[in-house]
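Just below is one structure, and these are the notes that go with it.
The values are calculated or read from the model by the stated rules, or taken from the named source; none is laboratory data. Predicted model, so just to flag it, every value in this text is computed and none were measured. So basically every Cβ, Gly included, is an ideal-geometry build from the backbone, and we count neighbours across all protein chains shown. Surface accessibility is based on the protein's heavy atoms, side chains included, excluding ligands, DNA and RNA. Shrake-Rupley method; radii C 1.70, N 1.55, O 1.52, S 1.80 Å.
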Amino acid sequence: MACHFARWTPASAVLDTQRLSDEVIATTRTFSVKRRTRFLQGRILLAEMMFYLYGLPTLPPIATTPTGRPCFADHQLPDFSLAYASNTVGVLLSDEGKVGLDIEVMRARGTRQSALQHAHQTPAENAWIGAQDDRLEAETQLWSIRQSVLKISGLGNSGQATLRLHPFSGHLRSSATPDVQVMSDADEYLSWACAGSPGLDRLLCWHYEERRGLHKDGEISPRSAAASSRFIKLTGLKTPG
């Protein structure tokens, strides 16, 4: 299954909302400035992807699932996932199955977040983290992987106990989303994880810039392996009955 992963770090405080409907913009009138900015940035990036990949001039109406996941009201349209970290916004998009995206800022872990992760960290995760050069960075990357998988089911942090990661073997077990694959990478600033169910064989990476628009930034697939030493791919295994 191929997915499209786009990132955008806005260079201007002025947002171009030409691909958003009046209804979308109107929903933000009561938002705080920060929430409104992030909300619109995510919709702008998603709208640009829908225009570039599918030729839709305006962002289609978005609904919310019973678990709180945003999705297009027209279920014939692709599934998507939004993520925000610092001043970066990301969108993961696929016309097959479901997707989940998470982006985390390195070295910006909250005490509550760290405590929750440690409470559900498996021995396999602990061993992998201990073998890495930087423990905090390794923990952040595994956290982003966990969050990306949990976004597919919509369980969020309430579903941490449903997920077990085995980074050394390249596997994971999720009782909520058993058929899932995750690709994750990190640099000194950000960690990202893209999850797809029932699979994620090919990840097309994009960057968006206000002046240049959307442009391809690479591909990760069996034919085009990731060059980063931090890249991880995990494949879901069936949880024993």
Qualifying position, being in a loop (DSSP other than H, G, I, E, B), more than 28 Å from Lys216 (Cβ to Cβ) and out of contact with any Ser or Thr (no Cβ under 7 Å at 6 or more places or on another chain), among Pro10, Pro66, Pro60:
Pro66
Only one of Leu92, Leu77, Leu101, Leu82 is of a type outside the set (Gly, Ala, Ser), at pLDDT 90 or above, open to solvent by less than 70 Å² (accessible area, probe 1.4 Å) and assigned to a loop (DSSP other than H, G, I, E, B). Can you tell me which?
Leu77
Within the stretch 180-189, does at least one residue satisfy the condition of being touching a Ser or Thr at 6+ places or on another chain (Cβ under 9 Å), touching a residue at least 24 places away in the same chain (Cβ under 8 Å) and among the β-branched types (Val, Ile, Thr)?
yes
Lone unmet requirement of (1) closer than 17 Å to Arg173 by Cα; (2) touching a strand residue (DSSP E or B) at 6+ places or on another chain (Cβ under 9 Å) for Asn157:
(2)
In the stretch 169-196, the residues that are open to solvent by 50 Å² or more (accessible area, probe 1.4 Å), of a type outside the set (S, T, N, Q) and under 22 Å from Ile129 (Cα atoms):
His171, Arg173, Asp187, Glu188, Tyr189
For the stretch 229-239, how many residues are open to solvent by 40 Å² or more (accessible area, probe 1.4 Å) and not polar (S, T, N, Q)?
5
Hey, could you check the stretch 219-228 for residues that are in a strand (DSSP E or B) and open to solvent by 30 Å² or more (accessible area, probe 1.4 Å) and say which is modelled with the lowest pLDDT?
Ser224
Anything in the stretch 29-55 that is of a type outside the set (D, E, K, R) and in contact (Cβ under 8 Å) with a residue 60 or more places away in the chain? List them, or say none.
Leu45, Met49, Tyr52
Sort out which residues of the stretch 114-168 are assigned to a helix (DSSP H, G or I), of a type in the set (Lys, Arg) and buried (at least 19 other Cβ atoms within 10 Å of the Cβ), and write them in order of number.
Arg146, Lys151
Close pairs (8 angstrom Cβ cut-off, 6 or more residues apart or separate chains): closer than 15 Å to Glu104 by Cα in the stretch 134-155, in a helix (DSSP H, G or I) and acidic (Asp, Glu) anywhere
Leu142/Glu125
Which condition number does Gly42 fail, the rest of (1) crowded, with 18+ Cβ neighbours inside 10 Å; (2) in a loop (DSSP other than H, G, I, E, B) being met?
(2)
I want to confirm something. Restricting to the stretch 13-39 and keeping residues that are among the aliphatic types (A, V, I, L, M) and assigned to a loop (DSSP other than H, G, I, E, B), which single residue is surrounded by the fewest Cβ atoms within 10 Å (Cβ to Cβ)?
Ala13
With criteria (1) in contact with a Lys or Arg (Cβ under 7 Å, 6 or more places away or on another chain); (2) small (Gly, Ala, Ser); (3) surrounded by 14 or more Cβ atoms within 10 Å (Cβ to Cβ), Gly199 comes up short on (1)
